[in-house]
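Only the coordinates and a few stated rules stand behind these numbers; no lab work does. These numbers come from a predicted model, not from an experiment. Methodologically, a virtual Cβ is constructed for each residue, glycine included, from the backbone with ideal geometry; neighbour enumeration extends over all protein chains shown.
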């Protein structure tokens, strides 16, 4: 996973200059605008890579609630799991929910 | 209510699309039709921000909500949910209308943003945006509904659109006055 500094270096190498469109006119970004844009892009790319890594592999995150919500089975599937657990004496539903809570941990 | 065409701004490898004229007290409602907005970078987000009359920079304070409905090409996945990572509570970031956009050459975001009474100096400024794009994971049609308010009683007279990372490769913003 690239560091924030590596993202900045990479983006600067890929974009020696940047333009914006203002009211239909193409304008080259000033040095300050260019630096702010590259910094913003680098931060967004870095944050996205960190989030994608947590979604794939789990870990502590302030966004744990969103990751858990996205990972939980649908309500219908959870009710089906609970019905089968009740009939068969299994713990499939409880185990599935616990696994997601463990994977996306609340920061301590 | 009839729409009156005001302007078109077209991206071509643009870091941002800024509209700095034509938003005033002429209309009590403005629509921004965002057509085939295509990112240059995979898995990024597209959004907008405002600037108040006499202000500097696109950094107004926004409180917003966003939820989405989704369904994939394989007809095997559906979803309906709030997206915490894309809302703001008195934040100054660009407000997302999409996230994790697919970058394939035939895929883009299209939607309509409505801004109400931008010239009011009494009320905060409300906006509503709805649109559709293709989520980069699993070819999902992702239908987002965004709403919120710009927490200022100053008149809003400028708007900017950009990707969270990378250029806007292509696409157009058509501005209309309503009424």
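What to note about this one:
- Choice from A:49, A:60, A:33 with maximal GNM fluctuation in chain A (Cα, 10 Å cutoff): A:33
- B:163, A:1 arranged by Cβ crowding within 10 Å, fewest neighbours leading: A:1, B:163
- Listing A:85, A:32 from fewest to most neighbouring C-beta atoms within 10 Å gives A:32, A:85.
- P(r) tail for the protein assembly as shown: Cα pairs beyond 26 Å make up 49% of the total.
- Potential lengthening between residue B:21 and residue B:8 on full extension [0.36 nm per residue; Cα-Cα distance subtracted]: 3.5 nm
- Average partner coverage of A:48-56, which counts Cβ from other chains inside 10 Å: 2
- Average beta carbon contacts from partner chains per residue of B:8-16, 10 Å cutoff: 6
- Coarse-grained scattering of segment B:1-88 at q = 0.15 Å⁻¹, given as base-10 log I(q)/I(0) from a Debye sum over alpha-carbon atoms: -0.89
- Mean separation of Cα contacts under 8 Å (6+ apart) over length of chain A, as relative contact order %: 27
- Radius of gyration and maximum dimension Dmax of chain A, Cα, Å: 22.1, 69
- Put in line by how crowded their Cβ is, counting other Cβ atoms within 10 Å and starting with the fewest, B:75, B:24 read B:75, B:24.
- Alpha carbon centroid spacing (whole Å) that separates segment B:113-148 from segment B:27-105: 6
- Shielding by partners for peptide A:36-43, expressed as the average number of C-beta atoms from other protein chains within 10 Å of each residue's C-beta, is 3.
- Top of A:91, A:26, A:37 by mean-square fluctuation, Gaussian network on chain A, Cα under 10 Å: A:26
- With Cα atoms, 0 to 90° folded angle of helix A:31-57 axis to chain A main axis: 20
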